[in-house]
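Report on the structure given below.
Bear in mind these aren't lab numbers, they're just calculated from the coordinates by the rules spelled out. Keep in mind that this is a model prediction, so the values were computed, not measured. Cβ coordinates were reconstructed from backbone atoms using ideal geometry, including for glycine residues, and neighbour counts include every protein chain displayed.
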Amino acid sequence: MTGKYDFETIIDRSGFNSMGQHPEKFTQGVRVKEGFTPINVWIGGDLWFPTAPSLTKALVERAQHPFYNMIQRPCDAYYESIIAWQKARYGVDKMTRADITPHNNLPGPIIAALKTFCIPGDSVLLTLPMFSGYFGDLEYAGCKPVLSSLVKDGDGVWRLDFDDIEQKIAANHVHVTIFSSPHNPTGRVWERWELEKLMALFEKYQVIVIADETWCDWTLNGHTHIPMQSVSEYARYHTIANYGLSKPFGSNGLNAAYTVIYDSYLRDRLDAATERTALDSIGPFAEAAIMGALSPEGAEWLDDARELINKNMNFAYDYVTKQLKGVSTSLPDGTYLLVLDCERWCKEHNVPMDELVRKGFEYGVIWAAGAKNYGPFGIRMCLAHPFSQVQEIFDRLGKYVFKA
Ligand SMILES: Cc1ncc(COP(=O)(O)O)c(C=O)c1O
């Protein structure tokens, strides 16, 4: 850790209409008790410490040039930043500008891909638990979710159930999947053998892969992200890979995302679908943000920020396993998300899950639950907060919330 960056100041976001600043949007009407400042661990894509100074500097410099034109195609340096980043961090060495298409965000190209490569009523394979947004994407595109549950192995590691996946693909004639890698919410950074085995199944059944790799920059405790497109020839030419600044640099609001597609047929079809909706027309600030963030300075900041997340995660894991008896969790390989399994605690203390969730809200822990995404006793927490806030959260959980 260089110690150059400030990860401890608690930023006051009031007045900036920040989604995460409004706890009442998430608490289903439950009021936070007096004296407990709400801490938002609900939103998966928010950082609660300042983003990379190189990103801010790029935006300020761009803002000083007083014309804010439409961008037909980003400048050369934009593409070079992405190519250099992907090579330095993930060893991707055969990417060209033609393979990259700028986008506003991830859901745009994901929905466009569903609408382009499925017809209404088609089945699309998803894994459970999963990022809540995919259900809406599928609904919008008129597709049916086919769900394969991850299973925990003997060491508590979430694994793909390959037999179940194959059976579901075959039975439902699946030809499109959305796959989250690293995985939201479990935090799995998939190993090469897992991706290879999965891809072999996709090849066998001719499945097009919409790879959501938005979390790829948050790998923890020595884990390495492997781009799905790199695991086989089939993967390279049948995957639509999605990236953006929203997760690594906490910058959803900048609309700076992009896809990588190596197959010209897939790319032309998707480009045609998104061109007409302007989903792929980014603005000058997204262009500047990409160049400022995906830079050597941005990489240094990110590596330091990952150290903080490692510290937060190790602290949280330790706290849960030692102090919250009956609650279980796994140390994630990546992301800044922690999933708690509260089943044993709720049953042992005879506390219904909705009451536990509500209690968290009352003490200002604005967390995310929902049987559909996290299972009936699952809670997801986003720990991209200063360390002192993470300590505060778990202190409240131990003292007030997990108390029957
Ligand atoms: C796996 C995953 N995909 C997509 C998104 C949303 O993409 P964006 O940040 O571009 O809105 C999120 C946001 O939390 C996510 O976790």
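Computed values, structure above
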quantity: Highest-first arrangement of 234-245, 66-77, 88-99, where packing means the average Cβ count within 10 Å; calculated: 234-245, 88-99, 66-77
quantity: Mean projected area (nm²) of the alpha-carbon convex hull when the chain is viewed from all directions; calculated: 19.8
quantity: Relative packing of 328-338, 130-140, which averages over residues the other C-beta atoms within 10 Å, highest first; calculated: 328-338, 130-140
quantity: Mean Cβ count within 10 Å, highest first, over the residues of peptides 358-365, 119-126, 250-257; calculated: 250-257, 358-365, 119-126
quantity: Hits among lysines - C-alpha to C-alpha of LYS87 under 20 Å, sequence gap 8 or more where chains match; calculated: LYS247
quantity: The chain: relative contact order in percent, alpha carbon pairs under 8 Å with at least 6 residues between; calculated: 25
quantity: 22 Å Cα-Cα reach of LYS322 towards lysines, excluding residues that sit fewer than 8 places from it in its own chain; calculated: LYS152, LYS311, LYS347, LYS359, LYS399, LYS403
quantity: The chain - share of DSSP beta bridges that are antiparallel (%, nearest 5); calculated: 50
quantity: Under the span-like rule (Cα at least 30 Å along the axis, Kyte-Doolittle mean at least -1.0), DSSP H helices of the chain; calculated: 296-323
quantity: Region 248-389: relative contact order in percent, alpha carbon pairs under 8 Å with at least 6 residues between; calculated: 18
quantity: Label-point separation in nm, TYR140 to HIS173, each point 7 Å along Cα→Cβ; calculated: 2.7
quantity: Highest-MSF residue in the chain out of TRP301, TRP215, TRP193 [GNM, Cα springs under 10 Å]; calculated: TRP193
